[in-house]
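Encoded as structure tokens, the structure appears first; notes follow it.
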Amino acid sequence: MARTGPPTVLFEVFWAHQKRKRLIEQALEDVELPAEDYPFYVMIGADGPWTPTGLAEQMIMPLSTVIFRVKRLERRGHAERVPNPADGRSFLIRLTPEGQRLLGEARPAFREYAEAVEARLGREQVAALKNALAALREAVDGELDARTSAAPADRAV
């Protein structure tokens with residue numbers, strides 16, 4: 001049974017994420033791009049095109065969630081599916097010219113905010129945070145792996 005106590009580091013990450021969402025919303029208030037979809041525009045537009053599976057792996061999200069979110073971009077006319085030249089059975093997702101135009105407005109707007117936050121932290125603290133967050137992701141993966149590989153009889157009730 002879990003004990004109660006002060007907030008865990010995972011709750012600190014949740015609080016930081018909430019503030020990050022507010023930062024994106026404020027940075028993009030003059031751009032017709034929903035703040036919650038901004039990471040998809042960046043991943044698809046800057047690093048794409050992607051297969052749905054590749055995008056899901058890169059974003060560390062379930063494939064069904066990625067497909068749902070990409071469909072939102074498609075309905076807006078900001079993303080499209082194109083044949084995958086490496087595999088005729090699959091497709092790639094890329095931004096349309098309108099999606100690229102919006103990313104071209106949104107990315108510098110958000111980047112200005114993000115770089116200002118990093119400047120407040122300083123180079124050393126940014127490097128330390130990146131390392132700590134990578135370690136946190138690995139620790140979460142390790143815990144999930146340990147709990148999913150444990151036989152039901154081995155799990156504490």
Are any of the residues in the range 94-102 part of a helix (DSSP H, G or I) and under 28 Å from Phe11 (Cβ atoms)? no
Yes or no: the range 117-134 includes at least one residue that is farther than 29 Å from Gly48 by Cα and outside any helix (DSSP H, G or I). yes
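Can you tell me which of Glu112, Glu105 is modelled with pLDDT of 95 or more, closer than 30 Å to Val82 by Cβ and open to solvent by 60 Å² or more (accessible area, probe 1.4 Å)?
Glu105
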It is to be established whether one or more residues within the range 19-32 are at negative phi and touching a strand residue (DSSP E or B) at 6+ places or on another chain (Cβ under 9 Å). no
If you go through the range 22-59, how many residues are without any contact (Cβ under 8 Å) to a residue 24 or more places away in the chain and open to solvent by 80 Å² or more (accessible area, probe 1.4 Å)? 7
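Matching residues to (1) open to solvent by less than 70 Å² (accessible area, probe 1.4 Å); (2) touching a strand residue (DSSP E or B) at 6+ places or on another chain (Cβ under 8 Å); (3) touching a residue at least 60 places away in the same chain (Cβ under 8 Å):
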{"site": "Gly99", "(1), (2), (3)": "yes, yes, no"}
{"site": "Glu124", "(1), (2), (3)": "no, no, no"}
{"site": "Ala127", "(1), (2), (3)": "yes, no, no"}
{"site": "Glu138", "(1), (2), (3)": "no, no, no"}
{"site": "Thr148", "(1), (2), (3)": "no, no, no"}
If I go through the range 88-97 residue by residue, how many of them are surrounded by fewer than 15 Cβ atoms within 10 Å (Cβ to Cβ) and under 15 Å from Glu74 (Cβ atoms)? 1
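The values are calculated or read from the model by the stated rules, or taken from the named source; none is laboratory data. Just so we're clear, the structure is a prediction, and the values are computed from it rather than from any experiment. Cβ atoms come from the backbone with ideal geometry, glycine included; neighbour counts cover every protein chain shown. Surface areas here come from the heavy atoms of the whole protein model, side chains and all, with no ligands, DNA or RNA. Shrake-Rupley method; radii C 1.70, N 1.55, O 1.52, S 1.80 Å.
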